[in-house]
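Have a look at the structure below, then the notes.
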Amino acid sequence: MDALTITESRDPGHFPLREGFRSVNEGYCHACGHDGHTATGLGLAEVLLPRAGNLSGKIKLIFQPGEEGGCGAKGIVEAGVLDDVDYFFAIHVGLTKLDGRPLGSHGLICGVKDFLDSRGFNFKFTGKPAHPVGDPHVGKNALLAACSAALAIHNIAPHSEGICRANVGVLNAGTVRNAIASSAFMMVDIRGQNDLVAEYIQNKVLSAAKGAALMYENELEIEPTGAVISASADDSAMEIVRKCAQRVDWFDEIHFEGSMGGSDDAAEMLRRVQKNGGIGSYIGLGADFAAGFHHHAFDFDEEVMVPSIKLLAEIVGELLKLKN
Ligand SMILES: [Zn+2]
Ligand SMILES: [Zn+2]
């Protein structure tokens, strides 16, 4: 339900290989821990089920598909799954940071407020080929249009109201040495801390591309490639996490707020709950990993699973007490 296009390690020391749970789909693997998160959710179900008779509320376990492409949560939100949710809690191992450092095992972050809005754009510049010596004035240079756009995009002023980033990650242009390049392809990633900043940076990026195309008399095709909105956890939900985490022996380092330093489309679900008057948080569980996220030797920290289940079960108990 969620994987990266990475071939999982075949190193004999790689724990999933040794224990027989290396990816069976060659070229794809869960190098972000989402299979472990799914197992954690199932563990929670197992803990809650025998208590079902004593629970008066409605509990939904949502397994988030397609997070890596930033397109799974939207479908879940549109299906109405979140529409009757008062409290929303998402978990991720190891991702959130505190003052730039990741928390090791036994650490916990009760919530983050800096989910970035993330958008992608592909730009295709089309000019006109010509001989660079014989007919230089006839050509319409797509390579220069794209280069001008790239420089303008990297020169966009920051915004005073939050984190604002733009990156040209790919730029391919031209075909041969002795022809004016008539086509160029560019991939751009943009991030903003809130809706206002995201709109600002998007408008500036589009203006840069359009302006450069105009300057070099190029045609410009703009292809949006997906978007994830920004979000911010609620203090009151983070307070619930803190209170419940204190009851779980495992956690000896509990921090109220950490930093996401990126994007996750769980933000879509959190925002929908908040829109309906609910509250929520994105919980960061400290973990020890053999290799970093999106690395072919990534291996989930199974030690954190049972404490996570205990924490989530405590939260369920706390909330049902709140409601009664
Ligand atoms: Zn990931
Ligand atoms: Zn992830």
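The values are calculated or read from the model by the stated rules, or taken from the named source; none is laboratory data. Only a predicted model underlies this, so the values are computations on that prediction, with no experimental measurement involved. Here Cβ is always computed from backbone atoms with ideal geometry, including for glycine, and neighbour counts include all displayed protein chains. Note: accessible area is taken over every heavy atom of the protein model, side chains too, but ligands, DNA and RNA are not part of it. Shrake-Rupley method; radii C 1.70, N 1.55, O 1.52, S 1.80 Å.
One table, with the values for the structure above:
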{"read-out": "Stretchable slack from residue 51 to residue 236, in nm (0.36 nm times residue separation minus alpha-carbon distance)", "value": "64.0 nm"}
{"read-out": "Pair residue 294, residue 101: separation of 7 Å Cα→Cβ label points (nm)", "value": "2.5"}
{"read-out": "Residue 88 long-range amide H proximity, modeled H, under 5 Å", "value": "279, 280, 281"}
{"read-out": "Heavy-atom accessible surface of the range 117-228: percent carbon and sulfur, 1.4 Å", "value": "53"}
{"read-out": "Mean projected area (nm²) of the alpha-carbon convex hull when the chain is viewed from all directions", "value": "19.8"}
{"read-out": "Over the chain: helical MRE at 222 nm, DSSP H runs n ≥ 4 each giving -39500 (n - 2.57), nearest 500", "value": "-9500 deg cm²/dmol"}
{"read-out": "Over the range 117-228: Rg over Rh, Cα atoms, Kirkwood Rh", "value": "1.05"}
{"read-out": "Rounded FRET efficiency, nearest 0.05, which uses the C-beta distance separating residue 61 from residue 195 and R0 of 25 Å", "value": "0.30"}
{"read-out": "Nonlocal amide H pairs with residue 181, under 5 Å, H built at 1.01 Å", "value": "142, 143"}
{"read-out": "Residue-wise HN-Hα coupling along the range 60-77, computed from phi with Karplus coefficients 6.51, -1.76, 1.60 (Hz; x: Gly, Pro)", "value": "10, 9, 10, 8, 7, x, x, 5, 4, x, x, 10, x, 5, 4, x, 5, 5"}
{"read-out": "Of the DSSP H helices in the chain, those whose Cα atoms cover at least 24 Å axially and whose Kyte score averages -0.5 or more", "value": "195-215, 305-323"}
{"read-out": "Cβ crowding within 10 Å averaged over residues, with 21-28, 74-81, 51-58, 278-285 ranked highest first", "value": "278-285, 74-81, 21-28, 51-58"}
{"read-out": "Calculated FRET efficiency for the pair residue 160/residue 249, C-beta based, R₀ 30 Å, to 0.05", "value": "0.10"}
{"read-out": "Those residues of the range 123-148 whose amide nitrogen sits under 11 Å from the label point placed on residue 176, 7 Å along Cα→Cβ", "value": "130-132"}
{"read-out": "Residues of the range 290-309 with amide N under 17 Å of a point placed 7 Å along Cα→Cβ from residue 7", "value": "295-298"}
{"read-out": "Accessible surface, per residue, of the range 114-270 when the full set of protein chains is kept, probe 1.4 Å, Å²", "value": "50"}
{"read-out": "Extreme residue, positive dipole direction of the chain, given options 226, 9, 254 (C-beta unit charges)", "value": "226"}
{"read-out": "Listed residue pairs exceeding 31 Å between alpha carbons, taken from 74/128; 60/204; 74/124; 97/124; 243/275; 113/210", "value": "74/128; 60/204; 97/124; 113/210"}
